[in-house]
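*Asks:* Sharing a structure below in structure tokens format, with a few things to ask.
All of the numbers you see were taken from the coordinates with simple rules; none came from a lab. Note that the structure is a prediction, hence the values are computed from the model and not measured. Glycine also receives a Cβ, built like all others from the backbone with ideal geometry; neighbour counts cover every protein chain displayed.
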Amino acid sequence: MSQTTLNPDGFAQVGDLQALGVPFKPSTIWEKVRKSEFPAPYKLSPRCTAWRIGDIIEWQRAQAGKQPTDNAKGRELTAARQAKAGE
């Protein structure tokens with residue numbers, strides 16, 4: 001199996017982002033950009049908008065480093081469901 005090295009200074013258009021491991025469809029990517037939840041793209045020309053690959057890699061690393069802050073609410077809901085099922 002060959003390994004491809006990505007140039008972090010390269011660019012990728014919205015249709016190429018899934019191949020880079022971004023798990024969203026284009027409409028979701030644009031929504032997340034609007035909400036500042038995804039890196040902003042660069043306008044390379046009037047008809048070409050693309051993301052810097054290094055920005056995408058940094059975003060992916062940040063997402064991988066996020067941990068759930070508190071599972072207490074989930075445990076409460078599970079306990080409540082189990083109690084209700086036992087009634």
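*Asks:* Which residue, chosen from W30, T49, A83, occupies the Cα position most advanced towards the positive end of the dipole of region 11-86, where the dipole is computed from +1 (Lys, Arg) and -1 (Asp, Glu) charges on Cβ about the Cα centre?
*Replies:* The residue sitting most towards the positive pole is A83.
*Asks:* In addition: By the gyration tensor of its Cα atoms, with a ≥ b ≥ c the square roots of the eigenvalues, what is the shape of region 11-86: rounded for a/c under 1.5, prolate for a/b over b/c, or oblate? Don't jump to the answer; show the numbers that get you there.
*Replies:* Details: a/c = 3.60, a/b = 2.85, b/c = 1.26.
Since a/c reaches 1.5 and a/b is larger than b/c, the shape of region 11-86 is classed as prolate.
*Asks:* Still on this structure, I have one more. Got a sec? How would R47, R34, R52 order by Cβ neighbour count within 10 Å, fewest to most? List each step's numbers first, then the result.
*Replies:* Working: R47 6, R34 10, R52 18.
Least crowded to most crowded, the residues run R47, R34, R52.
*Asks:* Multiply the residue gap between W30 and A83 by 0.36 nm, knock off their C-alpha separation, and tell me the result in nm, one decimal place. Mind dumping the intermediate values first?
*Replies:* Working: separation 53, 0.36 × 53 = 19.08 nm, distance 4.22 nm.
This chain segment gains 14.9 nm when fully extended.
*Asks:* Could you work out how far apart the two model spin labels at L44 and T5 are, taking each label as a point 7 Å from the Cα in the direction of the beta carbon, and quote it in nm?
*Replies:* Taking the simple label geometry, L44 and T5 are separated by 2.1 nm.
*Asks:* Something else: First check a/c for region 1-51, with a ≥ b ≥ c the square roots of the eigenvalues of its C-alpha gyration tensor; if it is under 1.5, answer rounded, and if not, answer prolate when a/b is larger than b/c or oblate otherwise. Spell out each step's value before the answer.
*Replies:* Values: a/c = 2.15, a/b = 1.38, b/c = 1.56.
The shape class here is oblate.
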